[in-house]
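Undergrad: Please find one structure pasted underneath; my questions will follow.
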Amino acid sequence: MCFAISCRSHPTDSKIVKDIQDKIAADPDTKNSPVNVTANDGKVSMTGRVRTPEAKQKVEEIAREETGRPDVDDQTTIDPQAYEPLSSGMTAAPPPLPKPEPQPIVVPSGTVLTVTTSQALGSKESHAGQTFLATLAQPVSIEGTPALPKGATVSGTVVSANAKGKIKGQGELSLSLSSISVGHHTYPIKTAVLSSTVKGKGKRTAATTGGGAAGGALIGGIAGGGKGAGIGALVGAGAGFIGGAATGNKQIEIPAESALSFTLTSPLTLPPPNE
């Protein structure tokens with residue numbers, strides 16, 4: 001017969017190690033600390049790192065309570081940056097990639113802006129330096145991203161205006177765009193100049209200047225021809241606009257709500273979307 005105390009089985013070294021590690025992982029002061037625990041005949045040794053002196057004292061207390069022995073070989077060091085490495089075979093998830101910075105929208109040179117005039121213009125009534133307003137008749141998108149909305153306010157400038165008969169019988173009207181408003185911001189723009197001249201008895205020429213960009217058109221009524229009469233357009237490489245009469249002393253006139261196409265000669269940079 002044996003006494004109950006002497007017959008009681010002692011925990012194995014592996015169980016001691018597991019219990020100590022579980023308690024270290026569960027304690028708020030010591031969890032996530034990379035502490036390695038070993039046991040030999042019930043004597044515990046510990047190596048690794050803990051974040052604070054309080055954590056070092058706590059792991060010692062856990063080991064003594066688990067083994068019931070005061071002699072614990074604690075070789076842990078204090079490291080404020082200590083952390084528990086991942087289990088073998090696991091890899092840390094890569095940090096999330098930074099969100100890419102939104103890029104500005106660039107409307108390239110050569111883009112055609114078709115606008116509708118808000119007022120009448122003419123070789124007799126207009127003068128050089130005069131500004132005029134128009135609205136964008138067609139939206140512009142860059143690689144599927146909306147850039148310039150339909151209806152955006154556009155400002156233009158009369159580059160030159162000479163009534164027929166004042167300068168060797170020649171009538172002249174030249175226009176360009178100077179700015180466009182998007183949202184609450186107005187941006188300067190540069191476009192090719194659209195020019196039309198009338199010589200002699202209605203001899204007429206049209207051209208695009210100011211960069212030689214392709215494309216440019218005007219659809220307007222001929223002066224004195226009545227509403228909707230004499231609608232004409234000239235579109236193509238190096239084209240300008242046609243207005244005025246073919247014969248007689250009529251001037252170049254562009255009625256309100258005429259459609260004109262201007263070509264950007266410099267890129268227009270807009271802020272990123274939603275800004």
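The values are calculated or read from the model by the stated rules, or taken from the named source; none is laboratory data. Predicted model only: the values in this text are computed from it and were never measured. Don't worry about glycine lacking a Cβ; one is built from the backbone with ideal geometry, like all the others, and counts go over all protein chains shown.
Undergrad: Here's a check for you: in region 88-107, which residue that is of a type in the set (S, T, N, Q) and at pLDDT below 80 is nearest to D22 (Cα to Cα)?
TA: The selected residue is S88.
Undergrad: Tell me the residue from T131, T111 that is closer than 19 Å to L264 by Cβ, within 25 Å of the chain's Cα centre (by Cα) and polar (S, T, N, Q), please.
TA: From the options T131, T111, the qualifying one is T111.
Undergrad: While we're looking at this one, here's another question. Mind telling me which of the residues P85, P53 ends up being loosely packed, with under 13 Cβ neighbours inside 10 Å and modelled with pLDDT of 85 or more?
TA: Being loosely packed, with under 13 Cβ neighbours inside 10 Å and modelled with pLDDT of 85 or more holds for just one of P85, P53, which is P53.
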